[in-house]
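Report on one structure; see the data block that follows.
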Amino acid sequence: MSRAADLRREDYKQYKEDVQREGKPFYPFAMFHDTVMSLVVVIVIAGLACIWYFTAEDVGPGASKPGWLGVLYEDKADPGTTSFTPRPDWYFYFLFYLLRIFKWPDTVVLGTVGIPTVLLIIGLLLPFLDRRPERHPLRRPVAMVTLIVTAISMGVLTWKGATAPEAGAGSLAEVPKWMQEYNLPANAQPGAEIFAVSGCLNCHTYGGSGSPNLGAPDLTQEGTRNRGIQWQIDHLKCPSCVNPGSPMPPFEKLGEDNLRKIAIFLEASKGG
């Protein structure tokens, strides 16, 4: 133990001597370099903003012609849309795909908090745990293998997240199959079509379509519970009012008529 401590003291003494002999003070050298790099970053951002603004062309209210870096603006967002599925920025795609691997409620915490937190803690502690003077990559097999495996894993998860189909994508084409396979009445088809494109399949499943998330149940046999049309409408308007603690978002913006159509479809869904 004393031998190791002596070696560390000698290394630290040698380090201080090297810094004293060859090092440069923080001011003005490091401060000058940081200032120059910060200025370069600001100039690049301002330049890209100018290119984006001056290469795009305003062609009238609510529209613009794309420039080198995209359009100035597009149509305003529609809060009543029934087909938009939000996606994260590309640098969160690996977490986005982890949510498709770890399902609620048993393992979602592991995928969203557990694994990223453990990796972050390991990364923060690594400089304190590995204090060997050796820094050549070929002489540090464990660190290099860990780095390569982490990079490959992040790359694969990011790619899978970027190319993953939207939950419920193409489900509108499944409606005729649902109608036939589950003997749904004709008046259930309008509700089935709204159900397929309104984001319900982001969390629920129906007839094998969709993605089970947040503990949302399969709705293929929802009609066997005999809850009634009005209960379904009230639940769609305010899920947490009918079922306290429900994480399901309200869908009252779909309108009373559309909600009734979905309710008719759900009450008619009695499985095979």
Filtered residue count, the range 212-239, keeping only those that are buried (at least 16 other Cβ atoms within 10 Å of the Cβ), free of Cβ contacts under 8 Å to residues at least 40 places away in the same chain and assigned to a helix (DSSP H, G or I): 7
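So that you can scan it fast, the table gives a plain yes or no per residue for (1) within 17 Å of P190 (Cα to Cα); (2) of a type in the set (D, E):
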| residue | (1), (2) |
| --- | --- |
| L201 | yes, no |
| T205 | no, no |
| G208 | no, no |
| L219 | yes, no |
| G223 | yes, no |
| W231 | no, no |
| D234 | no, yes |
| P239 | no, no |
| L254 | yes, no |
Residue within the range 173-190 that is closer than 22 Å to D257 by Cα, among the aliphatic types (A, V, I, L, M) and within 27 Å of the chain's Cα centre (by Cα) present: no
Any chance G208 is within 30 Å of Y93 (Cβ to Cβ) and either outside the structural domain of R100 (by TED's automatic domain parsing) or surrounded by fewer than 17 Cβ atoms within 10 Å (Cβ to Cβ) (or both): yes
Count of the range 71-108 residues which are modelled with pLDDT of 75 or more and within 30 Å of K237 (Cβ to Cβ): 4
Test: residue in the range 30-43 that is outside any helix (DSSP H, G or I) and surrounded by 10 or more Cβ atoms within 10 Å (Cβ to Cβ): no
Criterion violated by V242 - all others in (1) of a type outside the set (G, A, S); (2) surrounded by fewer than 14 Cβ atoms within 10 Å (Cβ to Cβ); (3) free of Cβ contacts under 8 Å to residues at least 12 places away in the same chain satisfied: (2)
Hits in the range 109-153 - residues which are in contact (Cβ under 8 Å) with a residue 24 or more places away in the chain and touching a helix residue (DSSP H, G or I) at 6+ places or on another chain (Cβ under 7 Å): P133
For Y27: the one exception among (1) in contact with a Leu (Cβ under 9 Å, 6 or more places away or on another chain); (2) at pLDDT below 90: (1)
Close pairs (8 angstrom Cβ cut-off, 6 or more residues apart or separate chains): outside the structural domain of Y93 (by TED's automatic domain parsing) and β-branched (V, I, T) in the range 158-177, at pLDDT 80 or above and buried (at least 16 other Cβ atoms within 10 Å of the Cβ) anywhere: V175/Q189; V175/A192; V175/E193; V175/A196
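The values are calculated or read from the model by the stated rules, or taken from the named source; none is laboratory data. The structure presented is a predicted model; accordingly, all values stated were derived computationally and were not measured. Note: ideal-geometry Cβ built from the backbone for every residue, glycine included; neighbour counts use all protein chains shown.
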